[in-house]
Each structure stands twice: as structure tokens, then as C-alpha cells.
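Laboratory data are not the source of any read-out in this text; all were calculated from the coordinates shown. This is a predicted model, so every value here is computed, not measured. Methodologically, a virtual Cβ is constructed for each residue, glycine included, from the backbone with ideal geometry; neighbour enumeration extends over all protein chains shown.
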Amino acid sequence: MDARAFDVPKYLAMLPLFDALSPDELREVAAGSTLRRLTRGEIVFRAGDPCNEFFVIVTGQVKLFMLAPSGQEKVVEVMGTGQSFGEAIMFTDRPYFLNSQALADSLLLSVSKQAVIAEIVRDHRFALRMLGGMSRKMHGLVRDVETYALHSGRQRVIRYLLRDRAPDAADTAASHTVSLPASKVTISSRLSLTPEYFSRVLHELEAQGLIEIHGRDIRILDARRLAEHEVQPQGSAFNANIAAGACLDAEKPGTHRISIAPVANASETRDLNGVGSSAVKGEKTSR
């Protein structure tokens, strides 16, 4: 795509956020927008950079990620064509607290904070549309926290494979193919799993006749069986981990220590430092 011939107002008109604007308003927003072409691996922004714009992915793919002091990477989200990012941070008057990198050759449209604020002043309905988009993203992040805390690594993989299936689909048993949008290393980081555990779960599901693996293409043979596979009550995996590793030992009157030792499946999850579940100790002393 030739960025020089790209019609920014026409493109903005196709986005839900901007489709209610008049041609004049679209031209004003376009005047405050800039096209950025990135090659694979190029950084969009780094944590600590000033945030004076948000981005729309015209073509390509971008990941949002955090870095631990050790250098370990935690992928927060993988985003593709038509998706936007950076809106919420832009309104905080604070720098970016995470990083963004192109996973493929990409064309991004950056929309300046000044252009957005000018449109909000002109039409308060625009602010409501922005709030709606940010609320949906926040809901997704809350669901992520729920998944990491209350579901086993195996369940996370299954839920990810079924993420695009309508919950009320009539024929949930039909086979279909999903394509991993990024490398297994990136997807496993997104799910807070090690790459080895992610691959192991996929091969176990394949051995059980639930899926077929063809590179990045995963053919789901029976979505209903996959969804029902090893269904556990919410929180059972978390509670099982606690029960498996917890021990209580009295050290002196009025004082006790609870130690949570490593559990058998510690390899399936990791924190931002890239390690599996490890010993966690907490103390409480009566006074």
C-alpha cells in the first residue's frame, strides 16, 4: 500500500469511532493524523515515551508488552488490522507504561491527542464512542485476570482456541480451523504460559483426537468436545495448587508461617521474571 496515496479521511470514515463525523470533521481529524510505516520488529513506542496520540492498525500486526528488570517479556495483547491502541493512556497525561512492537510489516495511523480533544469539544457523542471502546477493552483485561487466576494452563489454551466461537452457536460440534496470529512464543506469553507447556498441551489435545496441528493452523475437530474437555469449577485449579503445596508450621507461640511450596504443574505458568510458580511465604504475628 502506497502511504502517499492513502486517503486518510475516507479510511477514518470506515472506522466505528469516526463513522458519524461529517466530511469536514473527518478532514480536520485527518489533518491531525500521521501515517507510520514500520518493518517487522520495529518499535512503535517504549515505556516512558510521552503519549500524545493513539494508533489504528491499517495493515499488519502489533504486540503490546512489558519488560521485567531481568529482560523477560510479558505479552499483554496481540493486535491486528482495524484495531486501535493507546487511547486510554493518552488521556492520563502520563508516559506509556508498556511497549509496542510491529510483529509484521505494518502501516499505522496515529491520531493526535489535540485532534481527538477538538472533536470531543465539538461533539460529546464522540466522547461516548471512545468511552465505549475503552470500556470493552477494560472488560477484556478483567476477563484476562480472571482466566489467569481461576483457570489452569490447559483451560487457558482451550479457551484461546475457542475464542472466536459464538457462545450460542447452534452447531458447536462442527470442525473448523483457527490460525495462530503470532508465533507460539508470543501466544504463550500472552497466556502467561511457557512455550514448552503451550506446545505440550497442543500435542496432548491432538493425541486425544480433539485437534489437528498444521503449523500455525489448528483444526478443531469437535468444538463441543473441546469446550467440555476437562471442565472444572472456576477456581478449582487455583485451589488445588494451594492445597497441593500449602503447609502450616508453628514456629513459636503466637506466630505461624504459611509456606506455599512449588506444585507439580509449576512449569505451566510464569510471572514477569519468566519463572514458574515458586515458593511463597507469608508471616503473621499476633501482638
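Could the peptides 79-91, 124-136 be put in order, highest first, of the mean number of other beta-carbon atoms found within 10 Å of their residues?
So the peptides 79-91, 124-136, ranked by packing, come out 79-91, 124-136.
Evaluate the charge dipole of the range 70-154 about its Cα centre and quote only its size in Debye, nearest 20, assuming +1 on the Cβ of each Lys and Arg and -1 on the Cβ of each Asp and Glu. If you can, show how the numbers build up before the last one.
On the way: 10 positive and 9 negative charges, 46 e Å.
Charge dipole of the range 70-154: 220 debye, to the nearest 20.
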Give the share of C-alpha pairs in each 10 angstrom bin for the range 1-121, from 0 to the last occupied bin, in whole percents, shortest bins first.
-> 13, 44, 33, 9, 1
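Sort 151-160, 107-116 by packing, meaning the average of other beta carbons within 10 Å per residue, with the highest value first. Each step should come with its number before you reach the end.
Values: 151-160: 20.6, 107-116: 19.1.
For the peptides 151-160, 107-116, the packing ranking is 151-160, 107-116.
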Distance violations [Cα-Cα > 22 Å] among LYS74/LYS113; LYS74/LYS184; LYS74/LYS137 = LYS74/LYS113
Between THR92 and GLU206, the two model label points (7 Å from Cα along the beta-carbon direction) sit apart by a distance in nm of 4.0
